[in-house]
Amino acid sequence: MRFVALLIVSGLIFTVAARAEPTSEADLLRHIEILASDAFEGRKPGTAGENKTVNYIASQWSAAGLQAAGEQGSWYTPVALAERTPESYRIFVIDNNRGNTVRLPQDEIILRGRDASFRQLNMPLVLAGYADGGSGGADVPVAGKLVFLPRNPPEDETGLPDYRDRKLQLIRNGAVGVITIIEDEGLWPRYFRAFQRGATALADPENHAGLEGAISYDQFRKLLRPSGRDAERLLLESGGFAAIALGMTADAVVETSVRDYVSHNVIGKIPGSDPQSGALLFLGHWDHFGICRSEDPDDPERDRICNGAVDNASGISLLIETARRLVADRPERDIYFLATTAEEKGLLGARAFVQAPPVALDNFVAVFNADTVALSDKRKQIAVVGLGETILDGDIEIVAAQEGREIDRSGKADAYLRRQDGYVFLERDIPAYMITSAFADEDRLTAFINGPYHDVSDEVNDSLLLAGAAADADFHVALGRYFGSTATYPGKATSGGADN
Ligand SMILES: [Zn+2]
């Protein structure tokens with residue numbers, strides 16, 4: 001609620017908005033208690049818990065005075081997801097020079113298909129390097145081939161395209177399958193089990209190869225040995241090439257359980273008085289892990305729900321209160337509010353948003369992600385995840401100084417840069433930050449990560465600390481005012497000094 005005073009001066013009526021009252025811990029707690037209650041069943045995408053969650057967020061934003069900005073005038077934008085779990089797979093490799101066939105052992109390679117049934121013979125094998133997936137020069141084309149793709153570049157190679165981009169490029173160039181080489185042998189058992197459990201991805205078929213998989217480094221080495229090739233040397237040299245032929249082909253038969261389902265992002269906005277001046281975006285993920293423990297016949301009462309009170313009912317709560325406070329401002333720029341789905345499955349809701357944003361993506365002058373905020377009772381320090389990544393650092397410093405907040409310069413929170421929804425925007429050169437007191441409170445953050453994080457014990461209890469979160473909500477209001485106005489933030493400077 002804001003107090004609005006009417007002043008009548010010389011016959012003119014001015015509306016003077018007094019400074020908003022600060023966010024209260026009680027308001028934040030109320031939303032967290034509802035979103036993290038057992039009735040919401042841990043907010044897993046595609047469940048009854050999702051329906052309750054997205055309805056609650058939409059109704060709160062509606063009551064706050066936001067306009068719906070999802071698909072066809074609704075609050076929601078569907079996000080099509082596909083969960084793929086390996087069922088059975090067989091793969092044989094034929095050495096073309098020797099004419100011998102080897103069946104690769106089931107525990108050294110794991111495969112799943114994009115579709116329920118995959119069956120293909122005589123796929124030529126190639127090894128992709130770390131270079132961009134173009135196939136100019138001596139690089140062999142990958143279309144119609146099965147590609148081995150090393151996951152991690154050698155340590156001395158920096159600035160190479162990252163794994164995700166290299167893989168997508170191979171798929172776009174027509175690779176029939178991509179098998180990731182897990183070079184770190186210590187990681188293989190964990191990687192194998194995770195793959196076995198299945199994975200959820202955006203159901204955009206153009207971004208999936210017909211066959212995906214992973215192979216242990218040990219097995220990859222064995223595969224090359226008869227041809228006299230040295231895997232280690234090849235991988236070290238592979239910075240310079242996109243793909244080389246291995247002189248082998250493969251036959252594979254793969255059965256996969258594929259579950260297609262639909263989840264939703266929630267989108268609302270405060271319409272700006274001058275939408276031409278650009279837009280702002282506040283976001284946070286609404287999803288969590290749902291009913292995450294199996295039933296125990298010996299302990300029928302055991303807690304099975306990952307409620308996600310801190311992760312991320314707290315961030316959504318902050319966004320509801322921030323929206324309430326910014327609505328009365330009549331900002332110049334449009335201010336969008338986005339609650340994403342499937343962050344826990346790999347930032348999928350945020351990825352779906354950037355693929356089909358409600359306005360062109362480069363209209364967004366700044367993006368602020370709220371995740372895991374209810375961990376600190378300190379109102380002064382803030383961590384700015386994304387510092388040093390974009391042109392807005394100086395502006396963030398201005399807002400911090402205005403609000404009497406002190407930016408943590410330890411750089412410790414940088415470790416979370418790629419693990420939060422804001423990163424999806426940074427990848428597309430949209431300035432994005434995650435600003436929170438929680439990540440500046442190292443002891444409390446460490447205790448959370450080593451304790452209740454992604455566990456049934458991330459629930460509403462005395463360990464929720466909301467003083468920092470309330471101050472963070474006020475800080476987000478200040479960010480909304482600063483970046484919502486061309487008087488304080490004129491917009492992107494373009495090179496050459498020309499206005500855009
Ligand atoms: Zn999480």
> Restricting attention to segment 91-128, which residues are assigned to a strand (DSSP E or B) and small (Gly, Ala, Ser)?
Replying inline: Gly113, Ser117, Ala128
> Mind checking which residues of segment 34-68 are part of a loop (DSSP other than H, G, I, E, B) and not polar (S, T, N, Q)?
Replying inline: Ala36, Glu41, Gly42, Arg43, Lys44, Pro45, Gly46, Gly65, Leu66
> Which residues, taken from segment 176-201, are over 22 Å from Cys292 (Cβ atoms) and in contact with a strand residue (DSSP E or B) (Cβ under 7 Å, 6 or more places away or on another chain)?
Replying inline: Val176, Gly177, Val178, Ile179, Thr180, Ile181, Ile182, Glu183, Glu185, Trp188
>> Being modelled with pLDDT under 85, surrounded by fewer than 21 Cβ atoms within 10 Å (Cβ to Cβ) and assigned to a helix (DSSP H, G or I) is true for just one of Asp165, Asp139. Which residue is that?
In response: Asp165
> Would it be correct to say that Gly129 is assigned by TED's automatic domain parsing to the domain that holds Leu211, over 16 Å from Gly213 (Cβ atoms) and not acidic (Asp, Glu)?
Replying inline: yes
>> I need the full set of residues from segment 343-366 which are away from the ligand (no atom under 16 Å from the Cβ), in a loop (DSSP other than H, G, I, E, B) and not aliphatic (A, V, I, L, M), in order please.
In response: Pro357, Pro358
> Are there any pairs, at least 6 apart or on different chains, whose C-beta atoms fall under 6 Å, with the first in segment 371-386 and free of Cβ contacts under 8 Å to residues at least 60 places away in the same chain and the second away from the ligand (no atom under 16 Å from the Cβ) and in a loop (DSSP other than H, G, I, E, B), and if so, which?
Replying inline: Ala383/Asp408
> Would you pick out the residues in segment 380-414 that are within 23 Å of the chain's Cα centre (by Cα) and more than 19 Å from Gly315 (Cα to Cα)?
Replying inline: Leu387, Gly388, Glu389, Thr390, Ile391, Leu392, Asp393, Ile396, Gly411, Lys412
> Does Asp334 satisfy the criteria of being buried (at least 24 other Cβ atoms within 10 Å of the Cβ) and more than 16 Å from the ligand (Cβ to nearest atom)?
Replying inline: yes
> Among Arg379, Arg418, which is surrounded by fewer than 24 Cβ atoms within 10 Å (Cβ to Cβ), of a type outside the set (S, T, N, Q), closer than 26 Å to Tyr453 by Cβ and within 16 Å of the ligand (Cβ to nearest atom)?
Replying inline: Arg418
> Any idea how many residues of segment 34-55 are surrounded by 20 or more Cβ atoms within 10 Å (Cβ to Cβ) and closer than 19 Å to Phe282 by Cα?
Replying inline: 3
> Only one of these conditions is not met by Lys412: (1) more than 22 Å from Ile430 (Cα to Cα); (2) within 16 Å of the ligand (Cβ to nearest atom); (3) without any contact (Cβ under 8 Å) to a residue 40 or more places away in the chain. Which number is it?
Replying inline: (2)
> In segment 411-435, which residues are of a type in the set (Ser, Thr, Tyr) and at pLDDT below 95?
Replying inline: Tyr416
> Which pairs have Cβ atoms under 6 Å, sit 6 or more apart or on different chains, and link a residue in segment 286-298 that is over 24 Å from Val54 (Cβ atoms) to one that is modelled with pLDDT of 90 or more and within 16 Å of the ligand (Cβ to nearest atom)?
Replying inline: none
> For residues in segment 208-245 being modelled with pLDDT of 80 or more and among the aromatic types (Phe, Trp, Tyr), which is surrounded by the fewest Cβ atoms within 10 Å (Cβ to Cβ)?
Replying inline: Tyr217
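The values are calculated or read from the model by the stated rules, or taken from the named source; none is laboratory data. Quick caveat, the model's predicted, so the values are computed rather than measured. Neighbour counts run over all protein chains shown; Cβ positions are idealised from the backbone, glycine included.
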